[in-house]
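The values are calculated or read from the model by the stated rules, or taken from the named source; none is laboratory data. Source: prediction; values computed, not measured. Neighbour counts are summed over all protein chains in view; Cβ atoms, including those assigned to glycine, are modelled from backbone coordinates with ideal geometry. Side chains are part of the model used for accessible areas, which takes the heavy atoms of the whole protein and leaves out ligands, DNA and RNA. Shrake-Rupley method; radii C 1.70, N 1.55, O 1.52, S 1.80 Å.
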Amino acid sequence: MATIKLEVITPSKKFYSGDVELVIARTLSGEEGFMAGHAWACKLLDVDALWIREAGQKEFRVAALAGGFIDVKDTIIIYTDAAEWQEDIDKQRALASKEAAERWMATEQKHDPNEIARAQIVIAKAISRMKVADSGKRR
């Protein structure tokens, strides 16, 4: 199967770089797969899982992504605020983060809309991380 170079870049590091056969990510319009020869595209990514099938492998590597965007040309580059491999996710820390944000939102204080949006992002990221940590093999 043909391969394409994938890079996943966060503000602090290059999270991943390698040749892949298939990348599956959730865009704002739904889950999409990208392979060598794919039409050029630039799409926003939702907070969710990233599935990577490396060259010559049968199993996928799975990471949690904090949204961002994917740029598909002769290579695939994903820019995201944060990425974490499935096996590195601390589910208890993710759950604690989610619960703290939910408690904060439940208070009777009047919250700034920007603070509410940030809390919602924290909750979405925590849910995604827990889902990725619990996910099994992709079909």
- Query: Tell me which aspartates and glutamates have Cα within less than 17 Å of Lys131's Cα, excluding those fewer than 8 residues away on the same chain?
  - Reply: Glu31, Asp46, Asp48, Glu84, Glu87, Asp88, Asp90, Glu99
- Note on the structure: Checking Lys73, Lys43, Lys58 against a Gaussian network model of the chain (alpha-carbon springs below 10 Å), the top fluctuating residue turns out to be Lys58
- On Cα atoms only, tilt of 91-106 relative to the major axis of the chain in degrees: 40 degrees
- Filtering GluC sites (Glu not before Pro) in region 79-127 by DSSP loop and by at most 11 other Cβ atoms within 10 Å leaves Glu108
- Item | Which listed pairs, of Lys5/Lys125; Lys73/Lys98; Lys43/Lys125; Lys43/Lys110, have C-alpha distances above 24 Å, in listed order | Lys5/Lys125; Lys73/Lys98; Lys43/Lys110
- Note on the structure: Two pseudo-spin positions, 7 Å from Cα along C-beta at Tyr79 and at Ala41, lie apart in nanometres by 1.9 nm
- Query: How large is ³J(HN,Hα), in whole Hz, for each residue of region 6-15 in order, when computed from phi with the Karplus curve 6.51 cos²θ - 1.76 cosθ + 1.60 and θ = phi - 60°, using x for Gly and Pro?
  - Reply: 10, 10, 10, 10, 10, x, 9, 6, 8, 6
- Query: Given H placed 1.01 Å from N in the peptide plane, which residues other than close sequence neighbours of Ile9 have an amide H under 5 Å from its amide H?
  - Reply: Phe15, Ile78, Tyr79, Thr80
- Task: Could you work out how far apart the two model spin labels at Ala2 and Asp112 are, taking each label as a point 7 Å from the Cα in the direction of the beta carbon, and quote it in nm?
- Result: 4.9 nm
- Query: Taking all protein chains as present, what is the carbon and sulfur share of the accessible area of the chain, in % to the nearest whole number, probe 1.4 Å?
  - Reply: 50 percent
- Summing -39500 (n - 2.57) over every DSSP H run of at least 4 in the chain, dividing by its residue total and rounding to the nearest 500, the 222 nm mean residue ellipticity is -9500 deg cm²/dmol
- Determine the per residue accessible area of the chain with all protein chains present and a 1.4 angstrom probe, expressed in square angstrom. 58 Å²
- Hey, can you grab everything whose amide H is under 5 Å from the amide H of Gly67? Only 5+ residues off in sequence or another chain; H modelled, so Pro and N-termini drop out. Val47, Asp48
